[in-house]
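Laboratory data are not the source of any read-out in this text; all were calculated from the coordinates shown. Since this is a predicted model, take the numbers as computed values, not measurements. Using ideal geometry, Cβ is built from the backbone for each residue, glycine included, and neighbour counts are taken over all protein chains shown.
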Amino acid sequence: MTEQPGLSEGYRKSSPWPVFVALGLALTEFGVFFGGMFIPVGVGGILLLEGSVVGILRESGYASTLWKTALGVGAFFALFGGVLLAFSAQSAEFNLYTRGLALLLGGVVAVVGGFALNVWEFGNAEVTP
């Protein structure tokens, strides 16, 4: 018998990211569905989702730095939110305005966070002569 059943010998720990991805999606839809004063909840859900994607990519080894990945993911979400806002005037029945606004704001905050991570990662780096 092993001490931790369900985990193989190659992997000693499980990843916490699926819980945060699911929570981010749920908070995003909650904020978008109710709208109005709950839009910040939707933006927070987008940020949680973006942070989880960045964490998954960093943990799996696909990304070497946090800031480049955060900038890329944030720019993608901001661009997609901008496209949804552009089309929101044409289709009022699908509530694209609230979704686009939440995505755009979450993407912009993630881009700003990416620049902050750049300063943090390179500010803590030791300079070698």
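Annotations for the structure displayed:
- Segments 94-104, 27-37 sorted - mean Cβ within 10 Å per residue, highest first: 94-104, 27-37
- Relative contact order, whole percent, for region 17-123 stands at 28, derived from Cα pairs under 8 Å and 6 or more residues apart.
- Highest average first, the peptides 112-122, 70-80 ordered by how many other beta carbon atoms sit within 10 Å of their residues are 70-80, 112-122.
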